[in-house]
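Laboratory data are not the source of any read-out in this text; all were calculated from the coordinates shown. Small disclaimer: the values here were computed from a predicted structure and weren't measured. Please note: Cβ atoms are built from the backbone with ideal geometry, for glycine as well, and neighbour counts cover all protein chains shown.
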Amino acid sequence: MKILGLDSSGLVASVALVEDDTLVAEYTTNYKKTHSQTLLPMMDEIRKMLELDLTTIDAIAVAAGPGSFTGLRIGSATAKGLGLALDRPIVPVPTVDALAYQLWGTDCYVCPMMDARRNQVYTGIYRFADDGLETVLPQCAIGIDEAINAVNEKDHKVIFTGDGVPVFTEYIQQNCCVPYVFAPAHRNRQSAASVAVLGMQYYKEGRYVSAAEHAPEYLRVSQAERERMERENAERNSGTQN
Amino acid sequence: MDEKEIKILAIESSCDETAAAVVVNGRDVRSNVISTQIPLHTLYGGVVPEIASRKHTERINQVITEALKEADTTLDDLDAIAVTYGPGLVGALLVGVAEAKAIAFAKDLPLIGVHHIEGHISANYIENKDLKPPFLCLVVSGGHTHLVKVADYGVYEILGRTRDDAAGEAFDKVARAIGLGYPGGPKIEQKAKEGNPQAIAFPRPKMADDPYDFSFSGLKSAVLNYINGAKMKGESYNEADIAASFQKAVIDSLVDHAMRAIDEFGMDTFAIAGGVASNGTLRSAMEDACRKKGVKFYHPSPILCTDNAAMIGAAAYYEFLQGKRDGWDLNAVPNLKLGER
């Protein structure tokens, strides 16, 4: 079974091909160019290098959110175009799950953090049990204070990973009460290999959708929608007081 | 002459319409599917870029599949994939660009990035098989107001553009001010039918330094001042007269610029394009003015004036013939200039 993995949810652009229990290729860059300029050229490089016939791919796994809205859409639209052209399904892999999965086998809890601006993080808490990744706190968008409180409550050593770590290092140092470490450079950012391996597992479990159905999971509504809901709530509240 | 059939799948997602079309040899439209988001954006009084981008992602595969099905074709029968890569909303453009690139990549097809305005101009080729460059074209839409000399296929000389608001944008803003809502173009046109276009003397702005540039923000302000003035004096105002007089001022300005350019550049053919080109009052004013000069006048049907992918397929065909091919690093260019590569 061949799974093509994509991750463009953050600054990293990453493409990987996993065949059964072998990582055949992974190409990851963390550079200022937009994903629109990097993702497909990188995939083309892999195709050429492996003399890959794209029709032999069984499914396309994509980091489906949360993350940068635009980054997620470039990944999803690329996956949807491939899925449409190759008539293959898409396996949406939660971005935070895939970040955690890179630390497979650790005895520690894993807390990935992606910078979500406005003092928030996209985060979750995970651990590894006999049958693989176990979700303790499912991925969510919460304040850094809430995230660290959740980690402290677990009362267990934790590994922090993700692009939120450099943003909130000081806060973690001052507020984290459990023993912790930061994941090293080869494990602390998005990796399409992790997306593809987790994607293969989900695919076997039947957790896939058609290319037409797939859309990213942003975990947040747009600013315009948020403001409209706030306005409507305010109007409703002032209405009940009158 | 027996030429090979060139069949192109075109994708357009630059603003609030998700669209796909199959076009053969640039002028034969086999399908033209448009999924509009207008009702969604009406809640906000205008297009919300993030919502538009999300909706494009949700709808794009269905729209493409429908376009292929309606054209009774498959991806295996195509010669190229074309996509709008600018100008427009960057997040919205990126959805179409990423999708088009992935399809072309997976099917090993040539990829052609198309300029949105070039698409609007080329919409005229679809129903007017006899239309060929050179001609003069006025592109008027919610985002653009350009007076363009089409010297040859893919060769454009911009004679004038708006300095501030696009014509369609002015329609939207005035419609909002008199309570007609979004989108303003069709609503103003409808309301204007009940009003007197001579009732209020709104200004016809002219640029002293460039005879072919447009400006609509002064006109828009004049309308808003008129309404505020009436409100402050506690006087009522006639919305239909405002709509009719405002529309007349816009049309006078557009006709005047176009006719002067026709005279100066000795053009014998003139076309209009873009969303505002579906305004019937504008079309008949242009038609009359052209008839008086003995100039041939062309305009697309309303369905080809609005943002659509058939026009992108039309433009892409001529790019294809000239050998234009884009790489897998094709990016969205939100402020792409016409004639730039």
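So the values come out like this:
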quantity: Cα convex hull of chain A - mean projected area over all directions, nm²; calculated: 15.2 nm²
quantity: Rounded to whole Hz, the Karplus (6.51, -1.76, 1.60) HN-Hα couplings of the range A:50-61, x for glycine and proline; calculated: 8, 6, 7, 8, 4, 6, 7, 6, 8, 7, 10, 9
quantity: For A:34-40, mean number of other protein chain Cβ atoms within 10 Å; calculated: 6
quantity: For the range A:25-40, Karplus couplings with θ = phi - 60° (6.51, -1.76, 1.60), whole Hz, Gly/Pro x; calculated: 7, 9, 10, 10, 10, 10, 9, 5, 4, 6, 4, 4, 8, 10, 4, 6
quantity: Amide hydrogen neighbours beyond the local backbone of residue B:161, cut-off 5 Å, H modeled; calculated: B:147, B:213, B:214
quantity: Span-rule helices in chain B, defined as complete DSSP H runs reaching 24 Å or more along the axis (Cα) with Kyte mean at least -0.5; calculated: B:90-107, B:239-265
quantity: Reachable lysines from residue A:204, criterion Cα separation under 18 angstrom, eight or more residues apart if same chain; calculated: A:2
quantity: 3J(HN,Hα) from dihedral phi, the range A:104-109, Karplus parametrisation 6.51/-1.76/1.60, rounded to Hz, x for glycine, proline; calculated: 3, x, 5, 7, 6, 6
quantity: Net charge of neighbours whose Cβ lies under 12 Å from the Cβ of residue B:163, counting Lys and Arg as +1 and Asp and Glu as -1; calculated: -3
quantity: Most mobile listed residue (B:276, B:140, B:47) in chain B, GNM with C-alpha springs under 10 Å; calculated: B:47
quantity: Cut-off 12 Å between beta-carbons: net charge of the residues surrounding residue A:70, Lys and Arg +1, Asp and Glu -1; calculated: +1
quantity: Neighbour-count ranking [beta-carbon atoms within 10 angstrom, fewest first] of A:51, A:235; calculated: A:51, A:235
quantity: Among A:54, A:82, A:23: highest mean-square fluctuation, GNM of chain A, C-alpha pairs under 10 Å; calculated: A:54
quantity: Filter on A:33/B:187; A:32/B:132; B:191/B:337; B:132/B:173; B:129/B:337 - keep pairs with C-alpha separation over 32 Å; calculated: A:33/B:187; A:32/B:132; B:191/B:337; B:132/B:173
quantity: Electrostatic dipole magnitude of chain B [Cβ: Lys, Arg +1; Asp, Glu -1; Cα centre; debye, to 20]; calculated: 840 debye
quantity: Computed [θ] at 222 nm, helices only, for chain B once each DSSP H run of length n ≥ 4 contributes -39500 (n - 2.57); calculated: -14000 deg cm²/dmol
quantity: Reciprocal mean inverse distance between Cα atoms of the range A:103-182 - Kirkwood radius, Å; calculated: 12.4 Å
quantity: Loop-located chymotrypsin sites (Phe, Trp or Tyr not before Pro) in the range A:89-193, at most 15 other Cβ atoms within 10 Å (DSSP); calculated: A:104
quantity: Beta bridge orientation in chain B: antiparallel %, DSSP, nearest 5; calculated: 60 percent
quantity: Inter-part distance where the range A:189-236 and the range B:179-219 are each reduced to a Cα centre, Å; calculated: 43 Å
quantity: 5 angstrom amide H check on residue B:135, placed H, neighbours 5+ away; calculated: B:150
quantity: The range A:10-26-the range B:272-336 distance, computed between alpha-carbon centres (Å); calculated: 43 Å
quantity: Spatial separation of Cα centroids for the range A:125-146 and the range A:73-100, in angstrom; calculated: 22 Å
quantity: Antiparallel bridge percentage (DSSP; both residues within the range B:133-301; nearest 5); calculated: 60 percent
quantity: Kirkwood hydrodynamic radius (C-alpha pairs) into Stokes-Einstein, the range B:133-301, 20 °C and 1.002 mPa s, D in µm²/s; calculated: 132 µm²/s
quantity: Max mean-square fluctuation residue, GNM over chain B, Cα-Cα springs under 10 Å, options B:165, B:326, B:130; calculated: B:130
quantity: Packing-based exposure ordering (other Cβ within 10 Å, fewest first) of B:34, B:81; calculated: B:34, B:81
quantity: Mean Cβ count within 10 Å, highest first, over the residues of peptides B:69-76, B:310-317; calculated: B:310-317, B:69-76
quantity: Neighbour-limited loop hits for trypsin sites (Lys or Arg not before Pro), the range B:111-177 (at most 10 other Cβ within 10 Å; DSSP other than H, G, I, E, B); calculated: B:129
quantity: Sorted by Cβ neighbour density within 10 Å, fewest at the top, the residues B:56, B:146, A:156; calculated: A:156, B:146, B:56
quantity: Counting DSSP beta bridges with both ends in chain A, the antiparallel % (nearest 5); calculated: 65 percent
quantity: Over the protein assembly as shown, equivalent-ellipsoid semi-axes from the Cα gyration tensor in Å; calculated: 49, 32, 18
quantity: Per-residue [θ]222 nm for chain A (sum of -39500 (n - 2.57) over DSSP H runs n ≥ 4, rounded to 500); calculated: -12500 deg cm²/dmol
